[in-house]
Structure formats: structure tokens, C-alpha cells
Amino acid sequence: QLQLVESGGGLVQPGGSLRLSCAASGFTLDYYAIGWFRLAPGKEREGVSCISGGDGSAYYADSVKGRFTISRDNAKNTVYLEMNSLKPEDTAIYYCAAGLHATLTAYEYDYWGQGTQVTVSS
């Protein structure tokens, strides 16, 4: 069965850092664009970052640009989201998704993980 599993979430203080992982099973991530999305209480799902399966081009939402970095390790079949200078507004459930195109639009993705909770609080 095709699966994506997020991990690495947790509680962190404002200004701190976390690295989220998105591990694939049942398929290889090499050929897929991978996106990170987040869902905060009372908010709409937001596209955070994505990386293409071809040239590895990365894209970021304005809200995280300069603070987050997306990367992939094809040997580990894993995509990462490094989050620095975290703010309380970053608190959300973070989901990774795989699809054909690198986009921050959720409906263009085919496979989704279960999410991992990130809480930024003092």
C-alpha cells in the first residue's frame, strides 16, 4: 500500500527549530513532487513548501520563506522540512503529500500522510 508517514513534530519554543520527515513506503519519491501543508485550528489548509521530482526546484509560502527549507534524500526515500525561527503562528498539523506537480495547491496531490503535530509555544 502506498503510504507517506510524517514524523519529527513536537513542542518547541518560539525561535526554535524542528526538522520534519516524510518517509515513503510502497513507492519511491524520486519521481514525485512533494509538498508540505499545514492545518491550524480555525484556519484553512495552507501550502507551506514543495519540491519538484525533476530538477528539485523548491517553493515556499511567503509566510515561511527564509525560515523553512525543504530537501529530499532519495536514498532514504524521505523528504524533510527544516523549520527555523519558529513562531507561534506556525503551530499546526503538518502533512506531506506526493503528486505530479510541484505546487502549493492541495488538490493537485495524490497521496497524503497522516500528519504530525507542531506546537510552538513558550
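The values are calculated or read from the model by the stated rules, or taken from the named source; none is laboratory data. These numbers were taken from a predicted model, which means no experiment stands behind them. A quick note on method: Cβ atoms are made from the backbone with ideal geometry, for glycine too, and the neighbour counts reach across all protein chains shown. Just so you know, the surface numbers come from the protein's heavy atoms only, side chains and all, with ligands and any DNA or RNA stripped out. Shrake-Rupley method; radii C 1.70, N 1.55, O 1.52, S 1.80 Å.
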Within the range 62-81, identify whether any single residue is out of contact with any Ser or Thr (no Cβ under 8 Å at 6 or more places or on another chain), open to solvent by less than 60 Å² (accessible area, probe 1.4 Å) and farther than 21 Å from SER7 by Cβ, and answer yes or no. yes
Among the residues of the range 59-77, the number that are at pLDDT below 95 and outside any loop (DSSP other than H, G, I, E, B) is 5
Pair list, Cβ under 8 Å, 6 or more apart: the range 6-29 residue surrounded by 12 or more Cβ atoms within 10 Å (Cβ to Cβ), other residue basic (Lys, Arg) and modelled with pLDDT under 95: ALA23/LYS76; LEU29/ARG72
Take the residues of the range 102-122 that are open to solvent by 30 Å² or more (accessible area, probe 1.4 Å) and touching a Ser or Thr at 6+ places or on another chain (Cβ under 8 Å): which is nearest to ALA40 (Cα to Cα)? THR119
Can you confirm whether GLU44 is within 10 Å of the chain's Cα centre (by Cα) and open to solvent by 70 Å² or more (accessible area, probe 1.4 Å)? no
